[in-house]
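Data first, discussion second: the structure below is written as structure tokens.
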Amino acid sequence: VTKLRNVGNFEEYLHIVKQAVQGASGHLRTKDITMLLEHGEGLFVELKETLRYDVRKGEVSKEMEKMVLKSIVGFLNAEGGTLLIGVSDGGVVVGLDNDYKNLPKKNRDGLENHLSMLIKTSIGLTFAKYVGVAFEAIEGKDVCIVSVTESHKPAYLRNGDQTEEFFVRVGNSTQPFHMSDAEDYIKTHWK
């Protein structure tokens with residue numbers, strides 16, 4: 001660590017070394033996903049039925065996208081985690097067909113491109129390297145696996161009005177932090 005402190009932007013290099021040591025490959029196999037589904041949501045796992053399609057309203061919703069982005073920011077600001085899209089809160093694999101139908105490119109590639117663009121515009125290009133996207137067919141239905149590693153610095157979710165929000169994964173949910181709480185958290189988390 002002492003040698004890294006003498007390198008410009010050492011926090012980022014330290015984070016990369018941590019990732020390498022932990023063996024964060026960003027790709028889970030079917031058996032790994034099945035195990036995650038059995039245990040359900042927790043500190044390192046979040047389930048989302050869709051990326052952008054509101055099943056209850058029967059339409060595409062920016063609010064659904066924001067929920068996914070909140071989870072990613074929460075993982076970035078904590079110790080990382082895995083977001084499974086195409087799985088209900090109860091752990092039932094529903095697939096990604098509703099999302100595919102509502103994208104210009106109606107397949108895995110189209111969904112990954114859309115998610116990548118959301119991350120770049122709402123969280124920031126700097127954080128894209130901490131987010132891996134993969135797909136796996138489970139029970140004949142596509143599931144999007146979003147593997148997020150801990151960021152080397154605080155991540156914020158930018159809203160359409162250019163305000164920013166700070167979220168952290170706490171237990172099995174992603175929590176918003178008030179400015180004073182965020183300041184304290186940042187001071188202790190990124191020493």
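The values are calculated or read from the model by the stated rules, or taken from the named source; none is laboratory data. Predicted model, so just to flag it, every value in this text is computed and none were measured. Don't worry about glycine lacking a Cβ; one is built from the backbone with ideal geometry, like all the others, and counts go over all protein chains shown. All accessible areas refer to the heavy atoms of the entire protein, side chains included, with ligands and DNA or RNA removed. Shrake-Rupley method; radii C 1.70, N 1.55, O 1.52, S 1.80 Å.
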Considering only region 162-172, I want to know if a residue exists there that is aliphatic (A, V, I, L, M), within 19 Å of Gly42 (Cβ to Cβ) and part of a loop (DSSP other than H, G, I, E, B). no
Selected residue [in contact with a Ser or Thr (Cβ under 6 Å, 6 or more places away or on another chain) and either crowded, with 16+ Cβ neighbours inside 10 Å or modelled with pLDDT under 95 (or both)] from Ser122, Ser147: Ser147
Six or more apart or on different chains, Cβ under 6 Å: which pairs go from a residue in region 61-79 that's within 23 Å of Lys153 (Cβ to Cβ) and open to solvent by less than 20 Å² (accessible area, probe 1.4 Å) to one that's in a loop (DSSP other than H, G, I, E, B) and of a type outside the set (A, V, I, L, M)? Could you list them? Leu76/Ser151
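Residues in region 100-115: is at least one open to solvent by 20 Å² or more (accessible area, probe 1.4 Å) and within 24 Å of Gly42 (Cβ to Cβ)? It would help to see each step written out before you state the result.
Let us first name the residues in region 100-115 that are open to solvent by 20 Å² or more (accessible area, probe 1.4 Å), namely 100-102, 104-109, 112-114.
This time we only want the ones that are within 24 Å of Gly42 (Cβ to Cβ), so: none.
No, there is no match, as no residue in region 100-115 is open to solvent by 20 Å² or more (accessible area, probe 1.4 Å) and within 24 Å of Gly42 (Cβ to Cβ).
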Here the qualifying pairs (Cβ atoms under 6 Å; residues six or more apart or on different chains; first in region 144-159 and closer than 23 Å to Lys62 by Cβ; second open to solvent by less than 30 Å² (accessible area, probe 1.4 Å) and in a loop (DSSP other than H, G, I, E, B)) come out as Cys144/Gly86; Val148/Gly80; Ala155/Asn77; Ala155/Ile123; Tyr156/Phe166
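Looking only at region 63-82, which residues are over 15 Å from Ser151 (Cβ atoms) and modelled with pLDDT of 95 or more?
We begin by selecting, within region 63-82, every residue over 15 Å from Ser151 (Cβ atoms); these are 63-68, 82.
Across region 63-82, the qualifying residues are Glu63, Met64, Glu65, Lys66, Met67, Val68.
Could you run through region 125-156 and say how many residues are of a type in the set (A, V, I, L, M, F, W, C) and farther than 27 Å from Asn107 by Cβ? Let's see the steps before the verdict.
First, pick out the residues of region 125-156 that are of a type in the set (A, V, I, L, M, F, W, C): 125, 127-128, 131, 133-135, 137-138, 143-146, 148, 155.
Filter again for farther than 27 Å from Asn107 by Cβ, leaving 155.
Going through region 125-156 one residue at a time, the tally reaches 1.
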